[in-house]
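See below for the structure under consideration.
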Amino acid sequence: MITGTLTRSFEYHRPGSVEEASSILVEGGGRAAVLAGGTDLLARVKRSLRSLDVVVDLGGLDELGRIEERAEGLFVGATARAWEIARHGTVAACFPALARAAGLVGGVQIRHMATLGGAVCSGLRCQLRDQSRFWRATIGPCLLDGGPACHARPGAGPSCAATAACDLPPALAALGAVLEIHGPAGRRELPVEAAYTGDGLRPLALDPGEIVLGARLPWSRRAPLVRSHYEKLRLRKAVDRPLVGVALALALEPGGAIAELRVAACGQGPAVQLVPGLEPFVGAELTTEVTEAIGRQVSRWFVPSPALRIDQAWRRAVAGLMVRRTAEALARAARRADTTASPPWELPKT
Amino acid sequence: MSGEHRVIGRRHRKVDGRAKATGRARYTADLSRPGMLHAKILRSPYAHARIRSIDTSAATVLDGVHAVITGADLPGTYGIIVWTRDESPLCVGTASYVGDGVAAVAAETPELAELACRRIKVDWEPLEPVLSFRDALEKPDVRVRPGNKHGNVTKRTTLSFGDVEGGLAAADVRVAGEYYFENTNHVSIEPHAALAEWDAGAGVLTLWSCTQVPHYLHRELARVLELPQSRIRVIQPAIGAGFGGKSEPFDLEFVVAKLAMETGRPVKLVYTREEVFLAHRGRHPTRMRFEIGARRDGTITAVRARNELDGGAYSSFGLVTTYYSGQLLTAPLGLGAYEFSSTRVFTNKPACGAKRGHGSVQPRFAFECLLDEVAEAIGMDPIELRRRGDIGGFTTTINGQRITSNGAVRCLDAVEAASGWKEKFRKLPRGRGIGVALSMYICGTNYPIYPNEMPQSGVAVKADRSGRVTVFCGASDIGQGSDTALAEIVAEVLGLELADVSVKTQDTDLCPVDLGSYSSRVTFMCGNAAIAAVEQIAALIRAHVAAAWGCGPDDVLLDGSRVIDRRDTSNSKSFAEAVWLAEAAEKRPLVATGGYTTPKLGGDYRGGTIGASPAYSFTVHVAEVTVDEATGFVTVDKVWAAHDCGKALNPTVVEGQIQGSVYMGLGEAMLEQQGYDEAGRLTCPNLVDYKVPTAADTPEIEALIIESGDPEGPFGAKEAGEGPLHPIIPAIANAIYDAVGIRLREIPFHPARVLAALEARRATEGTR
């Protein structure tokens, strides 16, 4: 049953070029919304979390739906669906963290609609805002809606505690993916982690009219020794968005020492971030002590968002544990020198 | 006996199964009438606030808005329990929880109705709210229901049977614990919906609603709308589940009726999911302090229980819930002495009511967990402890409830064998565990909700000249399969195919009264009423065919949609021909009615009839779990569920009820929490934040049907819809103890809570 503002009339555009899309977005200003899979946008419109005045449907831009191998990396288009990414052979072989993240998105129906671009650009998750108009009226406007303070972190000044809660961005960031962006000023590139400002009021470092065309995952110089994995914390085994999403990409020297280590996470706040302070581990062997130390570093750094009403201390502790277990599993797989083995660490165990 | 049955005891599709699975079934929300308007209800933003005034003018002037009503237009009160009618469709004077209805609008579209609601100006005077059990007792000057006699206490009862002090003193071991059962919602797939149409000329109101209790709704509509009950017709379309969440009247039913009468046009209202959570009537959050005394041989010498129930803003079923929290614990284990004290309070939150396993799921959790501690303390296997304590069949409990058939021990035997219990209990590797729990539930309550001497259930059966037979009954099939049970019973007695039987159970104009789908009463009571009716039809047919054939009535067999001469089976007629013959001889259509009235039962003391039931079902669950000690995640790997349903009229339906019950209880054990913030707002008013288990979270459930054959049940049947929920929560808790040695006394068993308990235990043990 369709209720609420969805039954209002709105302008609908299905441009045939990114240039056209971009100019409609510029014209529309704040009234314009990009439609890719719609899994985020429509839910927000139904709850009146945003109005629907001008819709720019990217569905007509075929090049945005592609997943293709290019010299500099694998290009995954902004409107490629999660289920396509999850089952794509090259993604699974070379970027297993991304394949796994895509396979863990929502439920089956969501995976068939949700897109990579949507995952990067979707709105933030906040249990104190993602509610009905009635509910929001009972609590009053939050910072984002013009109120004096963030309901999730009332004492913390003018900052929004909402959190990025999509599976693909941490995997993209850990894998060193670069976003290809088209805007009124032309094309530019941006590392995935740099696309997030950290400011919940304006979470994306995109200018008006800019459209994410897709993400490019660089081929590893060290292949096949690069391994990656994504893990997701949630209470249920399906449907839920991540409370914590962590991706780990690891390259080992032939002797077993860490050559590269990138860990990215969501669930802290508006930004998908790379875990800092991991440089000291480069050159170390992946021993139990080292994986534990990496996990501890993550737990020290990871401060769970108060915008989710799930025990924060637990989320913090488990975030580190997820990374530790993932690193251990990747190390085991590397020691077996089995290049095809995926080392999924299930949470909860199945 | 089952060998003789052609329909009963066999696997059939539910008679409504195909329509529901293929989308042909029409639910209330699907209905549309010419000129229909849509209604929305404006709800209170405050947990407790006085309404100084309401200005509806800005809503009324909107083009397309046809009517706006407030509490002043519908001041009458209603309630499912006739002694505690404390609700009005829209607040009169004071709002009692965030979401209490204040005003309602009928407009051309739902969006316009919602917009108009937002334009209504309410001048609020916020009052201090009462938001917890403790608040309710400690703030006597803040009154949730000012008309209530005992402050914020809805009901307090203490019942004592035998010498509890002496029993505890005589015990070899005494175990005690405090438990908390969280507030949970039913989460029916279909939200509440109602559609009303007013025939001004005839003065007749027709109301379509997805209610579980059309008869009680019929009565309360008349009362609040001040219409003769004879001018109201209640129709119940297909229902997308209820679980107790639709077992009393709700604001929307009165609101659409009043708006239809005001506007002269049909009016429909469908709750949002948030409104379902606000209407609630879910599980009472209950704090329980239990103590059990036992001897080394497993004899339970005494049980003492203190139950604190947080009832929310209205009485709902609370009077009954308060008694059920104690009265349903006295079987199948014999208790040497028993005392319970239960207190229900009002708080400024959505009202709690009946949810699958009404009132007794909470104390079972406490009792069965403590029983596990008793078993450990005396060094006895917990299944053996329960087997030894069983009081058997055809006996009376310590609180005076009559027990007829009792298959509890057979249930224990069945899960013990199926689960490989003896090889697993206390023998699985660390992190894996197995646990057991046992329960009992009623098959209907002995007394109707309003005192009367009429039958609890009525059925009419009509045999048509075509050979088609129609069953009319006021029962509500909310998914439990009661329409199918009625069809099966009638088909069985008349020797027909299921497809020859039509069931009409959805219309007060057509159907004799049945009191509704609650207390697991329908199959037992309607089934008996149906047998009483259809046997008269069978007798007429036998008598007249026998007369034609010159044989005795017993020589006339009803089988395969034919009547057959037992003496010469080549001599037969179609069932339709037999109807012709009988109707011609009778000079009247073949219609018969039957009723079911409960025998007089119950203890001879105040409250002694609450919990009295003509029969009781019994259930045992074994759950096997894996605990991740680093994260706190508990995975339920498998559940074995044995249920004594007396006789499975349709094993597929019974298995479905067992599996659905386990699933629902598993959700309460592991995930679900209807929480409130400091202002009384729901914290999880949608199905993203309120976590019901997905298929991926649901373990394999092995349903084991035990048939004790109840002498008073239809074909021996007892209930299967609610009993099978009870043991899963304590069974999981006991399995977690077996796995990692922690006793969880509060649901849900969220991983954060499990991890905290594990860390607390490590701290006390000083190990790591």
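Remark: the Cα gyration tensor places region B:301-407 in the prolate category, a/c being 1.5 or greater and a/b exceeding b/c.
Charged side chains reduced to their Cβ positions (Lys and Arg at +1, Asp and Glu at -1) give the protein assembly as shown a dipole of some 820 debye around its Cα centre. A Förster distance of 56 Å, applied to the separation of the beta-carbon atoms of residue B:149 and residue A:236, puts the FRET efficiency at 0.80. Compared with the direct C-alpha span, the chain from residue B:72 to residue B:165 gains 28.1 nm at full extension, assuming 0.36 nm per residue. Expressed in units of 2.2 N^0.38 Å, where N is the residue count, the Cα radius of gyration of chain B is 0.98. In order along region B:579-595, the Karplus-derived 3J(HN,Hα) couplings, from 6.51 cos²θ - 1.76 cosθ + 1.60 at θ = phi - 60°, round to 5, 3, 4, 5, 5, 5, 6, 7, 6, 6, x, 7, 10, 9, 10, x, x Hz, and Gly and Pro are given as x. Taking label positions 7 Å along the Cα-Cβ direction at both residue B:384 and residue A:72, the computed distance is 7.5 nm, reported to one decimal. Shown is the FRET efficiency for residue B:394 and residue A:8, computed with R0 = 60 Å from the Cβ-Cβ distance and rounded to the nearest 0.05: 0.35.
In region B:105-237, Rg over Rh equals 1.13, where Rg is the alpha-carbon radius of gyration and Rh the Kirkwood radius from pairwise Cα distances. Where both bridge residues fall in chain B, DSSP classifies roughly 80% of the beta bridges as antiparallel. Between the alpha-carbon centres of region B:513-591 and region B:243-269 there is a gap of 41 Å. Multiplying the residue separation of residue B:555 and residue B:504 by 0.36 nm and subtracting their alpha-carbon distance yields 15.2 nm. For a modelled paramagnetic label at residue B:289, 7 Å from Cα along Cα-to-Cβ, the residues of region B:364-381 in reach, with backbone nitrogen under 19 Å, are B:364-371. Assign one of three labels to region A:211-316, namely rounded, prolate or oblate, based on the Cα gyration tensor with a ≥ b ≥ c the square roots of its eigenvalues; rounded applies when a/c is under 1.5, prolate when it is not and a/b is larger than b/c, and oblate otherwise. In terms of gyration-tensor shape, oblate.
The amide H of residue B:154, built 1.01 Å from its N in the peptide plane, has B:344, B:345, B:346 as neighbours under 5 Å, considering only residues 5 or more places off or on other chains. For region B:22-38, list residues with backbone N below 18 Å from a point placed 7 Å from the Cα of residue A:108 toward its Cβ? Zone members listed by number: B:22-23.
Rounded to the nearest Hz, the phi-derived 3J(HN,Hα) couplings of region B:258-264 under the Karplus curve 6.51 cos²θ - 1.76 cosθ + 1.60 (θ = phi - 60°) are 5, 5, 5, 5, 5, 9, x, where x marks glycine and proline. A Förster radius of 41 Å, combined with the Cβ-Cβ distance separating residue B:134 from residue B:172, puts the computed FRET efficiency at roughly 0.70.
For the residue pairs B:20/B:504; B:427/B:638; B:155/B:349; B:149/B:258; A:46/A:237, the alpha carbons lie more than 23 Å apart in B:149/B:258; A:46/A:237. Label-to-label distance, residue A:309 versus residue B:92, with points set 7 angstrom from Cα along the beta-carbon direction: 3.3 nm.
Modelled spin labels at residue B:450 and residue A:87, positioned 7 Å past Cα toward Cβ, are 5.8 nm from each other.
Here's the picture: a label point sits 7 Å out from the Cα of residue B:52 along the beta-carbon direction, and within region B:67-94 the residues with their amide nitrogen under 15 Å of it are B:94. For the pair residue B:464 and residue B:700, the difference between a 0.36 nm per residue extended length and the Cα-Cα distance amounts to 80.5 nm.
Evaluated with a Cβ-only charge set (Lys, Arg +1; Asp, Glu -1), region B:564-643 carries a dipole of roughly 620 debye about its Cα centre, given to the nearest 20. 3J(HN,Hα) along region B:342-355: 10, 10, 10, 10, 8, 9, 7, 9, x, 5, 8, x, 9, 9 Hz, from the Karplus curve 6.51 cos²θ - 1.76 cosθ + 1.60 with θ = phi - 60°, whole Hz, x for Gly and Pro.
Just so you know, all these numbers are worked out from the coordinates, no wet-lab data involved. Please read these numbers as outputs of a predicted model, since none were measured by experiment. For neighbour counting, all protein chains shown are included, and Cβ atoms are generated from backbone atoms with ideal geometry for every residue, glycine included.
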